[in-house]
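Data block below; observations after.
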Amino acid sequence: MALTWYGNQTDSEARRFGSLAVVFPLIEQMKVISIINQHVPADPQADFDFGTTLSLLMAARLSGSTALSKVDQWARDTGADILWGMPFDKINDDRLGRALDAFFEQRHSILASLALHVSHEFNVPLNELHYDPTHILLEGEYEQATARQKEVIDRSGKKEVVRSNDQLAPAHITKGRATDDAPNGSLMIHAGLCTFVDKFGPLPLYGHTVDGNQNGRKAVDEQLALLCKHLKPAKMTMISDRGTFSVGHLLRLRAAGHSNAICSAPW
């Protein structure tokens, strides 16, 4: 961990790193900054690269529900501006938003590269992954939100094509199925997450979002296709819940070379 202090110094100035004393070295060991910069290099004239900006935002989100417009104050209070070498007056929602836009264009590749590095660096096997989808509720008006014009998987030609990154539009924010915590008419998207689980608990490795009116079989189909395209696990047992079960799902796993699956099956 390298520290750089900028500005005037007095005997009374101090910062409480708190959880950043653990988070910052972990982000360094995960090579978050360099992996992001490999996929989305910044303009050479930019003050800060996307990897630095996004890893700072990642730390802010790990610390709590910090709004984009409040990250600068969070960085000043916690000393993150010192650890990341970003003066807090340079941290604003416009800079963070541009970095998020750049991440979106290569999101699947970046997440896969991080997962593969973590797997190697921390000895996390990829032969057994748990898949679990959940909905994310959104408030407000999203009149410009439109359904995806292209599917993740194009099966119309002789060869199956899996679209990802900038070839795939964002998940459609729309009305989804009502649940106990989602009243009828709620706007949402669905996020599916693959995790590795051991005695220490679940470790998130790879995620993907789908439209608010889609889930279950559709979501696991897309997740499997993206896993095979970007992570390329040699042999994998995929564990998922009842809503993802179908004969088609089992056949797709087998066709991809993964003969084992654990699913809760409907009666």
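The values are calculated or read from the model by the stated rules, or taken from the named source; none is laboratory data. In this text the structure is predicted, and so the values were computed from the model without any measurement. All Cβ positions, glycine included, derive from the backbone under ideal geometry; neighbour counts span all protein chains shown. Ligands, DNA and RNA are stripped out before the accessible areas are found, and what is left, the full protein with its side chains, is counted by its heavy atoms. Shrake-Rupley method; radii C 1.70, N 1.55, O 1.52, S 1.80 Å.
Tabulated data for the structure shown
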read-out: Calculated P(r) of segment 88-213 - Cα pairs past 26 Å, %; value: 38
read-out: Formal net charge of residues neighbouring Ser264 (Cβ-Cβ distance under 14 Å; K, R +1; D, E -1); value: 0
read-out: Loop-located trypsin sites (Lys or Arg not before Pro) in segment 77-166 whose Cβ has at most 13 other Cβ within 10 Å (DSSP); value: Lys150, Arg155, Lys158, Lys159
read-out: Spin-label model distance (nm) - Val22 vs Thr179, 7 Å beyond Cα toward Cβ; value: 2.8
read-out: Gaussian network model of the chain, Cα within-10 Å springs - most flexible of Val118, Val161, Val247; value: Val247
read-out: Cα centroid separation, segment 39-102 to segment 204-267 (Å); value: 34
read-out: Viscosity 0.890 mPa s, temperature 25 °C, Stokes-Einstein D of the chain from Kirkwood C-alpha radius, µm²/s; value: 119
read-out: Convex hull volume per residue in cubic angstrom - Cα atoms of segment 1-155; value: 180
read-out: Lysines with Cα under 23 Å of Lys70, excluding same-chain neighbours fewer than 8 positions away; value: Lys90
read-out: Mean projected area in nm² (Cα convex hull; one quarter of hull surface) for segment 43-110; value: 4.7
read-out: Summed side-chain charge close to Leu100 - residues other than Leu100 whose Cβ falls under 13 Å, Lys, Arg +1, Asp, Glu -1; value: 0
read-out: The chain, accessible surface, carbon-and-sulfur percent (1.4 angstrom probe); value: 51
read-out: Solvent-accessible area per residue for segment 1-153 (1.4 angstrom probe, square angstrom); value: 60
read-out: Percent of Cα pairs exceeding the 14 Å cut-off, where the set is segment 170-261; value: 69
read-out: Accessible area (Å², per residue) of segment 190-266, counting only protein heavy atoms and a probe of 1.4 Å; value: 48
read-out: Under 24 Å from Lys232, Cα to Cα: lysines that are on another chain or at least 8 residues apart; value: Lys31, Lys150, Lys158, Lys159, Lys218
